[in-house]
Amino acid sequence: MKLQLLPSTFDENGMASPRQHLSCFVVDDSVAIDAGSLAMAASIVQKKQIRDVVLTHAHLDHIAGLPLFIDDLFATLDVPVCVRALPEIIETLERDIFNWEIYPRFSELENAKGAVMKYQPFAVGEEFSVKHLRLKAVAVNHKVSTVGFVVSDGQTKFALSGDTAETGEFWQTLNAEENLSALLVECAFPNELEELAHVSHHLTPKTLKRELEKFNRKECSIYVVNIKPMYRDEVVRQIGELEIENLQILEVGQIYEW
Ligand SMILES: [Zn+2]
């Protein structure tokens with residue numbers, strides 16, 4: 001299974017920066033988990049193949065590229081882009097984004113071949129198929145309804161925390177999974193901003209360490225994602241100081257294979 005965190009910002013030379021403003025993970029060039037930079041950074045092949053977008057939640061950094069992605073592809077789509085999310089997330093998207101004022105309500109529009117966007121709700125705890133993948137939605141602890149996922153292609157498996165603070169069910173689910181190759185876990189703020197992390201329901205290196213004590217798959221590779229770009233250097237340094245084996249930063253743009 002191939003996974004790539006799409007770039008979302010540029011360095012001073014106009015090249016993709018390691019800093020992550022937006023979240024969009026592409027699996028096997030064909031399924032997107034979150035859509036933060038989907039329109040802006042997907043490759044030509046990914047733009048041709050991705051017709052399934054699965055959302056952890058509706059915060060802007062996770063959905064910003066979704067309206068633009070559908071807009072870009074509007075005339076060429078021969079199947080609708082299927083957006084899979086919790087029912088309350090779909091409600092939020094229709095009310096606050098695809099409401100004609102912020103952007104067109106694509107779920108009501110058609111091109112010459114038919115619908116361009118459709119929704120497929122899933123429930124917390126549900127397991128469902130997306131193309132060749134099986135996804136399990138697991139509740140995590142964020143400011144709004146949010147899920148993490150366990151993603152399997154039938155051979156290998158990885159998990160993604162989504163945005164979360166201290167949580168329980170996610171770790172219980174992961175501990176019961178067999179053959180988990182990788183875990184992508186958030187760590188948004190440095191230790192000094194623990195209060196801000198607490199009110200916005202995110203982790204710091206210190207709270208991440210406590211969370212990882214609940215995770216009993218010590219052989220699994222663990223990658224940190226969703227570091228707030230302004231604090232990246234500090235968070236990376238503090239993650240290094242934890243001296244946890246198998247814990248590293250997921251590099252933006254790099255293709256990982258498990
Ligand atoms: Zn969030």
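The values are calculated or read from the model by the stated rules, or taken from the named source; none is laboratory data. These figures come from a predicted structure and were not determined experimentally. All Cβ positions, glycine included, derive from the backbone under ideal geometry; neighbour counts span all protein chains shown. Keep in mind that these areas ignore ligands, DNA and RNA; they rest on the heavy atoms of the full protein, side chains included. Shrake-Rupley method; radii C 1.70, N 1.55, O 1.52, S 1.80 Å.
Quick look at the numbers
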{"read-out": "Assigned charges on the beta-carbon of Lys, Arg, Asp, Glu; the chain dipole about Cα centre (debye)", "value": "460 debye"}
{"read-out": "Normalised convex hull volume, segment 110-258, alpha-carbon set, Å³ per residue", "value": "147 Å³"}
{"read-out": "Relative contact order (percent, whole number), segment 136-258, Cα cutoff 8 Å, 6+ residue spacing", "value": "23 percent"}
{"read-out": "J(HN,Hα) series, segment 25-30, from Karplus relation 6.51 cos²θ - 1.76 cosθ + 1.60, nearest Hz, glycine and proline x", "value": "9, 10, 9, 6, 6, 9"}
{"read-out": "DSSP-assigned coil residues among trypsin sites (Lys or Arg not before Pro) in segment 119-227, each with at most 12 further Cβ atoms within 10 Å", "value": "K218"}
{"read-out": "Shape call, segment 89-152: gyration tensor on alpha carbons, a/c limit 1.5", "value": "oblate"}
{"read-out": "The chain, helix-only ellipticity at 222 nm - DSSP H runs n ≥ 4, -39,500 (n - 2.57), divided by all residues, nearest 500", "value": "-6000 deg cm²/dmol"}
{"read-out": "Difference of contour (0.36 nm per residue) and Cα-Cα distance, N246 to K206", "value": "12.7 nm"}
{"read-out": "Over segment 141-203, relative contact order from alpha-carbon pairs under 8 Å, at least 6 apart, %", "value": "36 percent"}
{"read-out": "Mean accessible surface per residue for segment 158-258, computed with a 1.4 Å probe while every protein chain stays in place, in Å²", "value": "46 Å²"}
{"read-out": "Rg over Rh, two decimals, segment 42-110 (C-alpha only, Kirkwood Rh)", "value": "0.93"}
{"read-out": "Accessible area in square angstrom per residue, segment 56-154, 1.4 angstrom probe", "value": "45 Å²"}
{"read-out": "Theoretical FRET efficiency, 1/(1+(r/R0)^6), r = Cβ-Cβ of E166 and R232, R0 22 Å, to 0.05", "value": "0.50"}
{"read-out": "Phi to ³J(HN,Hα) by Karplus 6.51 cos²θ - 1.76 cosθ + 1.60 over segment 115-126, Hz, x for Gly, Pro", "value": "4, 10, 8, 9, 10, 9, x, 10, 9, 4, x, 6"}
{"read-out": "Net lengthening on full extension, Q155/E195 (0.36 nm per residue, minus Cα-Cα)", "value": "10.3 nm"}
{"read-out": "Accessible carbon and sulfur surface of the chain relative to its total accessible area, %, 1.4 Å", "value": "51 percent"}
{"read-out": "Candidates M230, M117, M40: whichever shows maximal mean-square fluctuation once the chain is modelled as a Gaussian network with Cα springs under 10 Å", "value": "M230"}
{"read-out": "Exceeding the 20 Å Cα-Cα cut-off - candidates K48/K131; K131/K228; K2/K48; K2/K136; K48/K157", "value": "K131/K228; K48/K157"}
{"read-out": "Using distinct alpha-carbon pairs, which all enter the 1/r mean, Kirkwood radius of the chain in Å", "value": "18.5 Å"}
{"read-out": "Relative contact order (%) - segment 1-143, alpha-carbon pairs under 8 angstrom, separation at least six", "value": "17 percent"}
{"read-out": "Cα shape, segment 4-61, gyration tensor, a/c 1.5 rule", "value": "oblate"}
{"read-out": "Label-point separation, V45 to E178 (7 Å along Cα→Cβ), nm", "value": "3.2 nm"}
